[in-house]
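These notes are about the structure you will find just below.
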Amino acid sequence: MTQHLPMLQVALDNQSMDDAYRTTRLIADEVDIIEVGTILCVAEGVRAVRDLKALYPDRIVLADAKIADAGQILARMCFEAHADWITVICCADINTTKGALAVAKEFDGDVQIELTGFWTWEQAVEWRQAGVQQVVYHRSRDAQAAGVAWSDEDIAAIRRLADMGFKVTVTGGLALGDLPLFQGIPIHVFIAGRSIRDAADPVAAAREFKRAIAQLWG
Ligand code: 5RP
C-alpha cells in the first residue's frame, strides 16, 4: 500500500492578525494546513479562524483551542467560524471529547486529541472507542525551552499510537533536522511554527520541510 506523505502544517502562534498575515501572505500556498495557534486563539478569538478560512478556503484550517471542558459549546464556536479541525486537550473528560466529536460530525470536521502533558494508554483506548481518529503528539513549548529533547520513549509512543490506528501529528519546536527521527512511522502531519515563521526566509524554510518529507517518506 502506498504511504501518503506526511502533510505540513504551519502554526500561527502570533499575538495579532497583522503578525499572522505576515507569515500567511508568504507561505499559505506552501503548506497543507494553517493552524490558528492557541496563542492566536486567545489573542484574537474565533475571528482569527473565520478570517483565515475566508482568505485561504483551500487550506485545512485548524483551531488549536486545546479544549479542556465545555466541549460542545467551544467546538461549535470553532466550527461555526469554519474551522476544519479542532483540538481537545488530553486531560479533558471523555465526555468533553465525545461532545466535541458530535459537533464535529455535524460540520463534517474533525477533532484531534492534543497530547501535551500527562495521559495514559487506557485513555488512548477510550479515545479510539469514542471514535477519535487523530492525535497530536506534542513536546510542549515550555518543556522544550527547559531543555527536554525528543527521546526514544517519544518515538516508541508515536509508533504505538500509529499502530493503534491513530493518524498522528507531531509537533513541538520541530526543526528540519528532527524529521529523520520519525522516519519509518506513518506520520500524518508535521507542524512547524517558529522554524517557519521566524526563519529569515519562511518560503525557503517551508519548502525545505516539504523536500525533506518527500525524501524521507517518498
Ligand atoms: C504550542 C503549540 C504550537 O503551535 C506547536 O508546538 C508548534 O509550534 P512550534 O513549532 O513553534 O513549537 O501547540 O502550544
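Bear in mind that the values in this text are calculations on the coordinates, not laboratory data. Quick caveat, the model's predicted, so the values are computed rather than measured. Neighbour counts are summed over all protein chains in view; Cβ atoms, including those assigned to glycine, are modelled from backbone coordinates with ideal geometry.
Just a few scattered comments:
- If the segment from R211 to W121 were pulled out straight at 0.36 nm per residue, it would be longer than the present Cα-Cα gap by 29.0 nm.
- Straightening the chain between R47 and A143 buys 31.6 nm, computed as 0.36 nm per residue apart minus the Cα-Cα spacing.
- Relative contact order of the chain, pairs being alpha-carbon contacts under 8 Å that are 6 or more residues apart, as %: 21 percent
- Max mean-square fluctuation residue, GNM over the chain, Cα-Cα springs under 10 Å, options A75, A20, A156: A156
- Cα-based reach from K98 at 21 Å (exclusive), listing lysines while leaving out same-chain residues under 8 positions away: K66, K167
- Spin-label model distance (nm) - S16 vs D108, 7 Å beyond Cα toward Cβ: 3.7 nm
- Cα centroid of segment 93-126 to Cα centroid of segment 55-88, whole Å: 13 Å
- Estimated D of segment 169-210 in µm² per second, where Rh is the Kirkwood radius over Cα pairs and Stokes-Einstein applies at 20 °C, 1.002 mPa s: 200 µm²/s
- Derived scalar couplings ³J(HN,Hα) [segment 148-153; Karplus, 6.51 cos²θ - 1.76 cosθ + 1.60; whole Hz; x for Gly, Pro]: 6, 9, 5, 10, 4, 5
- 10 °C / 1.306 mPa s Stokes-Einstein diffusion coefficient of the chain, Kirkwood radius on C-alpha pairs, µm²/s: 92 µm²/s
- Residue among Q72, Q134, Q144 with the largest mean-square fluctuation in a Gaussian network model of the chain, springs linking Cα atoms under 10 Å: Q144
- Student exercise, the chain dipole from Lys, Arg, Asp, Glu Cβ charges, in Debye to nearest 20: 220 debye
- Listed residues G193, T24, G172: farthest to the positive end of the dipole of the chain (Cβ charges): T24
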